[in-house]
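Chemist: Starting off with a structure, shown below.
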Amino acid sequence: MSPAQPVVGVLALQGDVREHLLALAEVGVLARPVRRPEELAEVHGLVLPGGESTTMSRLLETFELLEPLRARLADGMPAYGSCAGMVLLATKALDGRPDQHQLEAIDMVVRRNAFGRQVDSFEADLDFTGLPGGPLPAVFIRAPWVESVGGAVEVLARVPDQPVAGVAAGRIVAVRQGHVLATAFHPELTGDGRVHRLFADTVRAA
Ligand code: GLN
């Protein structure tokens, strides 16, 4: 049954946790950091923030959250991964560490730091399927892109097909599979709450 006021956790092992907590509060959900299995058990959905997926992967093990998190995801808990969080949610990460854990919540292959040195960080306005209000400003920071997706994955946004985009043009940067959402970019940094609102709605509906 959907809770009237869902609690959304932010995985708080590393990365831009505070920005996600604020962005969630802005769209009217109760948000709290999650560092322990008991805290994970109490939330109705979880945000996996940006940071370093290799570090977060290691800390998931140290904090004994890896298996509980896999179990919650297998059980249908809504989740949203931004940047490093997207890498963690994927089935497979190219250019990752060989011992990096994958949560396999979205049937996709991602490439870490895919945009290369010249375009390490950049901004773009994206057409994002299902978001009202026009193009979404997106900030990319050493971002992954999605190389390929399975049949159950819905593609929500791609890098705009402009001459300046080069090899990045057309790359997939936002996806959804069931109640799990992922973006290669950082909506928690732009003040545009639409992606967090979309996730909050997903949690309420789940
Ligand atoms: N490059 C990082 C990684 O692969 C992600 C960067 C970010 O989250 N801003 O984990």
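Chemist: When region 92-112 is examined, which residues are found to be among the basic types (Lys, Arg) and either assigned to a strand (DSSP E or B) or within 15 Å of Leu59 (Cβ to Cβ) (or both)?
Modeler: Lys92, Arg97, Arg111
Chemist: Something else about it: Return the residues of region 129-142 that are out of contact with any His (no Cβ under 7 Å at 6 or more places or on another chain) and either of a type in the set (Val, Ile, Thr) or closer than 21 Å to Leu198 by Cα (or both); say none if nothing qualifies.
Modeler: Within region 129-142, Thr129, Gly130, Leu131, Pro132, Gly133, Gly134, Pro135, Leu136, Pro137, Ala138, Phe140 qualify.
Chemist: Does Thr62 satisfy the condition of being of a type in the set (Val, Ile, Thr), farther than 25 Å from Ala205 by Cα, within 8 Å of the ligand (Cβ to nearest atom) and modelled with pLDDT of 95 or more?
Modeler: So Thr62 does not fit the description; no.
Chemist: Considering only region 22-48, state which residues are within 16 Å of the ligand (Cβ to nearest atom) and over 16 Å from Met77 (Cα atoms).
Modeler: Matches in region 22-48: Ala23 only.
Chemist: If we scan region 87-97, do we find a residue that is under 24 Å from Arg204 (Cα atoms), within 10 Å of the ligand (Cβ to nearest atom) and modelled with pLDDT of 95 or more?
Modeler: yes
Chemist: If Met108 satisfies all but one of (1) more than 16 Å from the ligand (Cβ to nearest atom); (2) surrounded by 18 or more Cβ atoms within 10 Å (Cβ to Cβ); (3) in contact (Cβ under 8 Å) with a residue 60 or more places away in the chain, what's the number of the condition it fails?
Modeler: Here Met108 meets the rest and fails (1).
Chemist: Are any residues in region 70-87 of a type in the set (A, V, I, L, M, F, W, C), part of a helix (DSSP H, G or I) and under 25 Å from Gly193 (Cβ atoms), and if so, which ones?
Modeler: Passing the criteria: Leu73, Ala84, Met86, Val87.
Chemist: Any chance you could count how many residues in region 19-59 are under 22 Å from Val195 (Cα atoms) and either of a type in the set (Phe, Trp, Tyr) or not in a helix (DSSP H, G or I) (or both)?
Modeler: 18
Chemist: Within region 123-173, which residues are modelled with pLDDT of 95 or more, within 16 Å of the ligand (Cβ to nearest atom) and acidic (Asp, Glu)?
Modeler: Once the filter is applied, which keeps residues that are modelled with pLDDT of 95 or more, within 16 Å of the ligand (Cβ to nearest atom) and acidic (Asp, Glu), region 123-173 yields only Glu147.
The values are calculated or read from the model by the stated rules, or taken from the named source; none is laboratory data. Remember, it's a predicted structure, so these values are computed and weren't measured experimentally. Quick reminder, even Gly has a Cβ in these numbers, built from the backbone with ideal geometry, and neighbours come from all protein chains shown.
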